[in-house]
1. Tell me the carbon and sulfur percent of the accessible area for region 34-180, rounded to whole percent, probe radius 1.4 Å.
2. To the nearest 10 degrees, how steeply does helix 150-159 sit against the main Cα axis of the chain, on a 0 to 90 scale?
3. Taking only protein heavy atoms and a 1.4 Å probe, what accessible area per residue, in Å², does the chain have with all protein chains in place?
4. Find the relative contact order for region 15-162 and round it to a whole percent, using C-alpha pairs within less than 8 Å whose residues are 6+ positions apart.
5. From Cα pairs below 8 angstrom and at least 6 apart in sequence, can you work out the relative contact order of region 2-100, rounded to a whole percent?
Amino acid sequence: MSGPFSVAASEHLLGSWVFDVERRTISGPDGSFERDVVVHPGAVAILCVDESERVALIRQYRATVDAQTYEIPAGTLDSEGENALTAAQRELVEEIGVVARSWTELGTFLNSPGWTDQTITIFEARQLTRVPRQPAGPEESASEVLWLTIGELTELQKSQPFFDATTAVALHRLYGGFLG
């Protein structure tokens, strides 16, 4: 699948609590070259839909953009041996305080294959029961949970200077054409 290219060597440059960075030497038809790659264990995102067809979003500070963003619940596969569904169930309780009885996998996508191997598996969660939130970290603890209709989501998306790609992909997967 990689065609005439392959990873010939890899050097570990950085380790962090969320990801690692590797410098990969790539062999190609015209010689070798290097690429720095963010190596990530993978993530999940949950499109949580209540009985009134409202979608849960989290308004949360993100240091990467030094701003509040609106996102569906999501998180990293950071527990040893944890599969995507179990991680999604854990994240839903942590971030918005919900347990779901109905789960549908909407697919997996590459976050940004030009610089990271991160994949995100999206789930739809329905038949909800509210439970106490169990936020992890200062940003989650200060986050706000919003329940929005598809019309409100469309207006929010239009009003933001940027919109979370994972949320956009999830909404497109479930509702088709959401972002046109």
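1. Carbon-and-sulfur percentage of accessible area, whole number: 50.
2. 50 degrees
3. So the chain comes to 55 Å² accessible per residue, rounded to a whole number.
4. In percent, rounded to a whole number, it is 27.
5. Computed over region 2-100, the figure is 18 percent.
The values are calculated or read from the model by the stated rules, or taken from the named source; none is laboratory data. All figures in this text were calculated on a predicted structure; none of them were measured in a lab. Please note that ligands, DNA and RNA were not included when accessible areas were found on the heavy atoms of the full protein model with its side chains. Shrake-Rupley method; radii C 1.70, N 1.55, O 1.52, S 1.80 Å.
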